[in-house]
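Visitor: Attaching a single structure in C-alpha cells format; questions to follow.
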Amino acid sequence: MDAQRGRTNRRTFLLIAGLPLLTVGAGMTYLLWPQPPRRPEVRTDLEPLNRRLGPFLGELSDAHWLGYDIDGPDDDRSIPSPDSRVRVVGVAHLPTGGAAAITGKPDHAFAAAGAPSDLPAALEPYLPAGAAWQHGPGFDAYANGQGAGSQASDGIPSGRYLFDTARDLVHFDVLYLFT
C-alpha cells in the first residue's frame, strides 16, 4: 500500500494538467475571435456641438451627427498612436438667416459645391436631397483657426463646412487631433 501513496494515477494527472491548458485555449480563442465592427450611433444632443461649433456658427438645432475615434479598436494599425483622432460629422439647422449671413461674407469666398463626400451611411437619411451646398475655404480656415472649440482639451480641429442657404443647414465634418 505504501508504494501507491504519493503516486498520481493517470486520470488525475490528465485532469490536473489538462484543465489549465483548456482554460488558456478557451481564453485565447475568445480574445482572437473576430468581433463585429461597432458602429457609432447617430446622436441628436446639441450641447457638445454648440460648445464646439456654436461660437462661429451660432446656436445649432435639429442636429444629427456622429462622433467617434477614427483610430478606435476597429482599425488595423499595427503600431498604436499616442494621439487620438476624433471625427465629428453631421448636419444641423442654423438660426434663421444664419447660412446666408455666413455665406454672404466675401472674405470666405463661397462657391457652389457638390454633395458631402465620405458621408457615413447612418447620416444619409438626414441630408436633404437636392440641397444647394456652398463651400468656402476661407470659412474653413476661419473656423479651424477659431479652434472649433475654445479649450485646449477640445483638440486641434481640421474641418470642412458646407451650407445650404435655402434650408439654413450646415454640414460639418471636423477631425479633432488630441495630443
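Visitor: Within the set of pairs 6+ apart or on separate chains, which have a first residue in segment 126-146 that is touching a residue at least 12 places away in the same chain (Cβ under 8 Å), a second that is assigned to a helix (DSSP H, G or I) and open to solvent by 40 Å² or more (accessible area, probe 1.4 Å), and C-beta atoms under 8 Å apart?
Guide: Gly138/Asp107; Gln146/Pro55
Visitor: Going residue by residue through segment 159-172, is there one that turns out to be open to solvent by less than 20 Å² (accessible area, probe 1.4 Å) and at pLDDT below 95?
Guide: Yes, segment 159-172 has at least one match.
Visitor: With respect to Asp154, determine if the residue is at pLDDT 90 or above, among the acidic types (Asp, Glu) and open to solvent by less than 30 Å² (accessible area, probe 1.4 Å).
Guide: Answer is no for this residue.
Visitor: Please indicate, with yes or no, whether at least one residue in segment 83-92 is under 22 Å from Tyr126 (Cα atoms), among the acidic types (Asp, Glu), modelled with pLDDT under 95 and open to solvent by 20 Å² or more (accessible area, probe 1.4 Å).
Guide: no
Visitor: Please specify each residue of segment 130-145 satisfying the condition of being polar (S, T, N, Q) and not in a strand (DSSP E or B).
Guide: Across segment 130-145, the qualifying residue is only Asn144.
The values are calculated or read from the model by the stated rules, or taken from the named source; none is laboratory data. Everything numeric here is computed off the predicted structure, so don't read it as measured data. So basically every Cβ, Gly included, is an ideal-geometry build from the backbone, and we count neighbours across all protein chains shown. We work out accessible area using only protein heavy atoms, side chains counted, and drop any ligands, DNA or RNA first. Shrake-Rupley method; radii C 1.70, N 1.55, O 1.52, S 1.80 Å.
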